[in-house]
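Beneath this line is the structure, given in structure tokens, with notes to follow.
We did not get these values from a lab; they are worked out from the coordinates using the rules stated. Keep in mind the model is a prediction, meaning the values are calculated, not measured. Reconstructed Cβ throughout: ideal geometry from the backbone, glycine too, with neighbour counts over all protein chains shown.
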Amino acid sequence: MFSVKELVESSTMQSVPSNYICHKTPEDFMLNYETENIPTIDFLQLTSSNPNERSNAIQQLGDACRDWGFFMLINHGVPETLREKMVRVGQSFFDLSKEEKMEFAGEKILDPIRYGTSFNLMVDTALFWRDYLKCLVHPHFNAPSKPPGLRMNVELGSQVLVINCYPPCPNPELVMGLPAHTDHGLLTLLQQNHLGGLQIQHKGKWIPINPLPKSFLINTGDHMEILTNGKYKSIIHRAVVNTNGTRISIGTAHGPNLDTIVGPAPELVGDDNPALYRAITYRDYILLQQSNELDKKTCLERIRI
Ligand code: OGA
Ligand code: NI
């Protein structure tokens, strides 16, 4: 396996190798900068002991999920030192030697620890400008034994941790870090180092996202859309790369137990509101998503009734 990082660090590379060049359309370059701002949700207000303040915040959260599927979370209580440490130890994994990293190269989609590149080499037609480390961290916590510091304790939720490494690229407009996709799971929390690159699709346009300092970016995932029978949409997003430096982003997808069968909540389905999605286990859904090429159609289309 050739990682992007090793490719970039091999002194021979002058321009992007042809197997990384993505087919792009004019729409792919249409960005919307004049933007309405993505919503901000204040966790302190969500958990306030003042019922009015709390109900206000819950209302805002519902609006954000319905209208955007994407928001920034502030006052979340995760110390900045811990967030910085996550990025530091995340990056230090990619700085291990090739041999050390290859000890953690998983073969199967749901291997507990999986180091890899692009999206899924079995299905990618163009390679993506991205290396990654994925760990299943709940209910059983898995993490590589090195570098030291990566074995953090994560106690809450059902989570898959993804650390993305997007090395600098001489021709960023020719490649994609991660093409347009939606995330599996209910909610994804994302943090990044000092470099941006995330863009979300809103009303048909791509919006570059510059998160507030110290905030987490949160997006609703496919299982939120399935569970709410389409009321809260799973938002399409992508990651572009840059020439300046290595971008690290860390996402945690929160979902149910892998064996849970997820379908639309019965309360939200009725005669006027037929179920829009087939119910399948979370495990089968992840396998379905990860074994099909990205950037064709979202995985939700595959289970739409
Ligand atoms: C992902 C993802 C975006 C980013 O890992 O699913 O969308 O900004 N990452 O790296
Ligand atoms: Ni994503």
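Which of V160, V89, V123 moves the most in a Gaussian network model of the chain with Cα springs under 10 Å?
It is V123.
Can you give the longest run of the chain that contains no trypsin sites (Lys or Arg not before Pro) sitting in a DSSP loop with at most 10 other Cβ atoms inside 10 Å?
Here the longest segment lacking exposed loop sites spans 1-107.
Counting only C-alpha contacts under 8 Å and six or more residues apart, can you give the relative contact order of the stretch 18-134 as a whole percent?
23 percent.
Shape verdict for the stretch 155-305, please, from the Cα gyration tensor: rounded (a/c under 1.5), prolate (a/b greater than b/c) or oblate.
The shape class here is prolate.
If we count other beta carbons within 10 Å of each Cβ, what is the order of Y166, Y115, fewest first?
Sorted ascending by nearby Cβ count, the order is Y115, Y166.
Given the DSSP H assignment, sum -39500 (n - 2.57) over each helix run of at least 4 residues in the chain and divide by its residue total; what's the result at 222 nm in deg cm²/dmol, nearest 500?
Roughly -6000 deg cm²/dmol at 222 nm, from the helical runs in the chain.
Considering every pair of different Cα atoms, what Kirkwood radius, in Å, is found for the stretch 1-47?
Kirkwood radius, the stretch 1-47: 15.6 Å.
Report the convex hull volume per residue for the stretch 2-118, counting only C-alpha atoms, in Å³.
Dividing the Cα hull volume of the stretch 2-118 by its residues yields 219 Å³.
How many angstrom lie between the C-alpha centres of the stretch 166-221 and the stretch 98-129?
20
Semi-axes of the equivalent ellipsoid of the stretch 29-81: what are they in whole Å, largest first, if each equals the square root of 5 times a C-alpha gyration tensor eigenvalue?
Values for the stretch 29-81, descending: 25, 16, 7 Å.
Cα to Cα, under 28 Å, and not fewer than 8 places away if on the same chain: which lysines meet these conditions relative to K24?
Excluding near neighbours in sequence, the set is K5, K134, K203, K205, K233, K296, K297.
Run the numbers on the chain and let me know its relative contact order in percent, using alpha-carbon pairs under 8 Å that are six or more apart.
About 21 percent, as a whole number.
Can you tell me the FRET efficiency between V269 and A105 if r is taken as the Cβ-Cβ distance and R0 is 51 Å, rounded to the nearest 0.05?
FRET efficiency, V269 to A105: 0.75.
Would the stretch 258-305 count as rounded, prolate or oblate if I go by the C-alpha gyration tensor, calling it rounded below 1.5 in a/c and otherwise prolate when a/b exceeds b/c, oblate otherwise?
oblate
Assuming a ≥ b ≥ c are the square roots of the Cα gyration tensor eigenvalues, decide whether the stretch 99-197 counts as rounded (a/c under 1.5), prolate (otherwise, with a/b larger than b/c) or oblate.
prolate
If amide hydrogens are placed 1.01 Å from N in the peptide plane, which non-local residues have theirs closer than 5 Å to the one on I280?
V262
So what is log10(I(q)/I(0)) for the chain at q = 0.11 1/Å, when the Debye sum runs over its Cα atoms only?
Results for the chain at q = 0.11 Å⁻¹ read -0.69.
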